[in-house]
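**Q** This is the structure I have questions about; it appears just below.
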Amino acid sequence: MDWTAIAVTVKLAALTTLVLAVIGLPLAYWLATTRRRWRPVVDAAVAIPLLLPPTVLGFYFLMSTGPETVPGRVYARLVGGTLPFSFTGILIASVLYNLPFAVRPFASGFAAVDRRLIEAARCLGASGSRTFLTVVLPLSWPAVAAGLVLAFAHTVGEFGVVLMVGGNIPGVTRTIALAIYDDVQAFDYGAANEASAALLVFAVTVLAVTYALQRRTLAL
Amino acid sequence: MTLLDVDFEFRYSSGAGVLCQWKDPVGDPRVTVFLGASGSGKTTVLRCLAGLERPERGHIRFGDHVWFDAARRIHLPPDHRDVGVLFQDYALFPHLTVAQNVAFGARHLSRAAVAARVGELLETFRLRGLEERVPRQLSGGQQQRVALARAVFRRPKLLLLDEPLSAVDRPTGDELREELRTLIRALAIPAYIVSHDRVDALTLADRTVLVDDGRIIQSGTTADVFDHPASPAAARLVGIDTILLGRIAASEDGLATIVVAGQEIRAQAPAEVGHEAALLIRAEDVALARHDVTDSSVMNRWRARVITHAREGPFVRVALDCGFRLSSLVTREAWHRLALQPGDDAWAIVKAASIRALPRN
């Protein structure tokens, strides 16, 4: 087992999930409750990675964050270094790529919360954020949990974006999916088999958890 | 006395609108019912007052507070308006217990203060022993009381009730209405109630506001609005049958004598002697006779003068003056047999059992 690659993968997946919780929950709540006209546009933008090949996203990410670009220069000035071929680079790309896998379950969970309960909370003096924490979240947590689990699992199995943006640097950007690819290229089928089997078991477990959470949402 | 000054226009995305304009001194616990058919816009008026909808233009002021002012771009969110709202099917939080629902509005209060207030409200609303239940384990009446207790936890300046009785069937509704009447009086908070049922206005309201097609078409004291509907639309809303308001003069074995304009009316007692009552009499329940009928079971026989008559299909609708106005619906055959003319004297006959008597205020 390539434990270094597994460590990079877990770190990437955990941080991606964390960032998605921080920016994805408010975004999903906004999408689920707003009546603004341009909501469908934002909805579509979030969903783009579902249809786009990961390599395309990776390509545009590279093109827009290189050392010669404005974002690249700002990043170099503020943080130092470059985004492409760094861990931060694959983290940002991975957050963008996983946005729909977290936001869509969040949003459908929030949308299923009876709107009148939200209105009732507001009329009882609760602010928007307090309403979210005391009414919306307790009534939709299975959907939120499902979204986080899906985002985590999807990052663990991510290949195209990480390869394009991260390069395949051992200990930095080389995840388990890339390690399997390398093993196969090197005709090391034994190692590839071991890692693949581990990922398969992981995927099946995650799906079982997700479906259990979805049943829970329906029952609530 | 605080003044509620409302003048706004609300537009639905369909293009239809609600125009709302009235000034109303709010105080010395007064109950106002917004009476209108479904789709008339009365719920929208309530939602605009609560801050759940934002009107297109105009203003809403409550005393010194500006809740909404389109020109000054002011729109206070519901949590800054100090109103208590009772939603149509109560909107209790399903994941919280009765006690937690009631205490939901608690802010900046010590644990002990919250517990004291919750205990006080559970007592008032007869919810003792149900603290740990969740909403789906409660009856309709209990849910209504929890919702009301929750709405008044923060002692709001104004209570807004959206169709409080429409979620239940009629016998339960009558029971809940009675309870609601008592509670609202006990709370001593001015209340605005939206309803499509004139019985709500007759039993609960000091003032009635008639809403039709997105407009306020009449407002005033309930007695005045029901006695003198100012337009055909208003008459349709308050109903064409006879509605009488009177005082219960005597009551024996559940049968009351209610005095209206000097006439004695016998009906099932809706409340104790001395209380106000509203009587609903359907025109088809009023029979006519040329002479007094003393040997029948009928309890109500009133001397009446025929005012007008009009054909209505196989029937004739007769307007009578018995000291109060009374409407009677008889067959054309019977009408011809009686051979009555406007100005003639006759007798109006109504069984006590067919009069719907309701307690008032």
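**Q** Assess whether B:Gly141 counts as being in contact with a helix residue (DSSP H, G or I) (Cβ under 7 Å, 6 or more places away or on another chain) and at pLDDT below 90.
**A** So B:Gly141 passes the test.
**Q** Of the residues that sit in region B:267-301 and are open to solvent by 30 Å² or more (accessible area, probe 1.4 Å), farther than 19 Å from B:Thr203 by Cα and in contact (Cβ under 8 Å) with a residue 60 or more places away in the chain, which one is farthest from the chain's Cα centre (by Cα)?
**A** Among them, the one singled out is B:Ala287.
**Q** Somewhere in region B:190-198, is a residue in contact with a strand residue (DSSP E or B) (Cβ under 7 Å, 6 or more places away or on another chain), under 30 Å from B:Met299 (Cβ atoms) and in the same structural domain as B:Pro25 (by TED's automatic domain parsing)?
**A** Checked against the condition, which is being in contact with a strand residue (DSSP E or B) (Cβ under 7 Å, 6 or more places away or on another chain), under 30 Å from B:Met299 (Cβ atoms) and in the same structural domain as B:Pro25 (by TED's automatic domain parsing), region B:190-198 yields at least one hit.
**Q** I need the full set of residues from region B:116-136 which are without any contact (Cβ under 8 Å) to a residue 12 or more places away in the chain and either more than 19 Å from B:Leu187 (Cα to Cα) or crowded, with 19+ Cβ neighbours inside 10 Å (or both), in order please.
**A** Of everything in region B:116-136, just one residue is without any contact (Cβ under 8 Å) to a residue 12 or more places away in the chain and either more than 19 Å from B:Leu187 (Cα to Cα) or crowded, with 19+ Cβ neighbours inside 10 Å (or both), namely B:Gly129.
**Q** Give B:Thr172, B:Thr208, B:Thr221 a once-over and let me know the one that is open to solvent by less than 10 Å² (accessible area, probe 1.4 Å) and more than 14 Å from chain A (Cβ to nearest Cβ).
**A** B:Thr208
**Q** Restricting to region B:270-309, name every residue that is among the aliphatic types (A, V, I, L, M), at pLDDT 90 or above, over 12 Å from B:Val350 (Cβ atoms) and not in a strand (DSSP E or B).
**A** Within region B:270-309, just B:Val273 meets the criteria.
**Q** Further question: I need every pair where a residue in region A:167-192 that is on the phi > 0 side of the Ramachandran plot and in contact (Cβ under 8 Å) with a residue 40 or more places away in the chain has its Cβ under 8 Å from the Cβ of a residue that is open to solvent by 40 Å² or more (accessible area, probe 1.4 Å) and of a type in the set (Ser, Thr, Tyr), sequence separation at least 6 or different chains.
**A** Once the first residue is on the phi > 0 side of the Ramachandran plot and in contact (Cβ under 8 Å) with a residue 40 or more places away in the chain and sits in region A:167-192, its partners that are open to solvent by 40 Å² or more (accessible area, probe 1.4 Å) and of a type in the set (Ser, Thr, Tyr) give A:Gly171/A:Thr4.
**Q** If I go through region A:49-75 residue by residue, how many of them are without any contact (Cβ under 8 Å) to a residue 24 or more places away in the chain and either open to solvent by less than 30 Å² (accessible area, probe 1.4 Å) or more than 24 Å from A:Pro170 (Cβ to Cβ) (or both)?
**A** Here the count works out to 14.
**Q** Against the condition surrounded by 14 or more Cβ atoms within 10 Å (Cβ to Cβ) and either assigned to a helix (DSSP H, G or I) or within 13 Å of chain A (Cβ to nearest Cβ) (or both), how does B:Val102 come out, does it pass?
**A** So B:Val102 passes the test.
**Q** Moving on to the next point. So which strands (runs of 3 or more DSSP E) are wholly in region B:51-99 and hold at least 1 residues that are aliphatic (A, V, I, L, M) and open to solvent by 20 Å² or more (accessible area, probe 1.4 Å)?
**A** B:65-69
**Q** Checking A:Ile169 against (1) hydrophobic (A, V, I, L, M, F, W, C); (2) open to solvent by 20 Å² or more (accessible area, probe 1.4 Å); (3) closer than 25 Å to A:Pro49 by Cα; (4) in a helix (DSSP H, G or I): exactly one of these is not met. Which one?
**A** (4)
**Q** Could I ask something else about it? So how many residues does region B:303-361 have that are open to solvent by 70 Å² or more (accessible area, probe 1.4 Å), touching a Ser or Thr at 6+ places or on another chain (Cβ under 8 Å) and in contact (Cβ under 8 Å) with a residue 40 or more places away in the chain?
**A** Residues in region B:303-361 being open to solvent by 70 Å² or more (accessible area, probe 1.4 Å), touching a Ser or Thr at 6+ places or on another chain (Cβ under 8 Å) and in contact (Cβ under 8 Å) with a residue 40 or more places away in the chain: 2 in total.
**Q** Restricting region A:132-148 to residues that are of a type in the set (Val, Ile, Thr) and crowded, with 21+ Cβ neighbours inside 10 Å, which is farthest from the other protein chains (Cβ to nearest Cβ)?
**A** Of all residues in region A:132-148, those of a type in the set (Val, Ile, Thr) come to A:134-136, A:144.
Next cut, crowded, with 21+ Cβ neighbours inside 10 Å only: A:135-136, A:144.
Details: A:Val135: 6, A:Val136: 11, A:Val144: 14 Å.
It comes out as A:Val144.
The values are calculated or read from the model by the stated rules, or taken from the named source; none is laboratory data. Predicted model only: the values in this text are computed from it and were never measured. Backbone-built Cβ (ideal geometry, glycine too); neighbour counts: all protein chains shown. Surface accessibility is based on the protein's heavy atoms, side chains included, excluding ligands, DNA and RNA. Shrake-Rupley method; radii C 1.70, N 1.55, O 1.52, S 1.80 Å.
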